[in-house]
Amino acid sequence: MPDDEGAVRHGAAAETTGFVESLLRLVGLGWLVPDFSTLSRRQKTLAVNIPYRGPRGPLHLLIDSTGIKVEGEGEGEWHARKHGGRKRRVWRKIHLGIDEETLEVRAVEITGSHIGDAPVLPDLLSQIREGQEIGSVTADGAYDTRKCHDAIAERGAHAVIPPRKNAKSWKTVTAGALAIVLGPCMDGSRGARAFRVLLA
């Protein structure tokens, strides 16, 4: 493998390794820093726990996602640098669950751009430990699906989600539909829609 290809592929890891080595030298520690292969191997199974202070009562979770553009991946970036031409850009989505009170990130998922917002909500909720009481989950209309409402109701939380523009009555009564009716409503249209579900 040519040196320039290795530099492009392993650049971020080499920078990180060099930075850590510098820090250890500055504080006078003679510790060894793992090489690129070791870092890559450990990264696959690394579980990251996000530290947080926690709310003073029930957690009120804000859920949303955003897209990020990543420059190149692997050989495509090396090829563009070596032979010229456009770099390949890849979109990723970051889905976040944020504590409304402390603004701390409580849950995070990274997916491809082809994954919608709603399917990720149950995964975000599963990152909140079972003993933590969730008071409400606030999200935009993209999360106005039966599965999202059911996942929120299973955690005993209130969904604060506006209806989609093309919203229709749900034919079957689910835990999420009951939670909409029995919990406080955001606006009259949401309550009316949910009430029609029970009467239908």
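Each value in this text was obtained by applying a stated rule to the coordinates, not by laboratory testing. Bear in mind the structure is a predicted one, so any value in this text is a computation, not a measurement. Neighbour counts are summed over all protein chains in view; Cβ atoms, including those assigned to glycine, are modelled from backbone coordinates with ideal geometry.
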- Task: Starting with the highest mean, order 93-103, 141-151, 123-133, 22-32 by the number of other Cβ atoms within 10 Å, averaged over the residues of each peptide.
- Result: 141-151, 93-103, 123-133, 22-32
- Item | Cα gyration tensor, the range 106-176 - rounded (a/c under 1.5), prolate or oblate | oblate
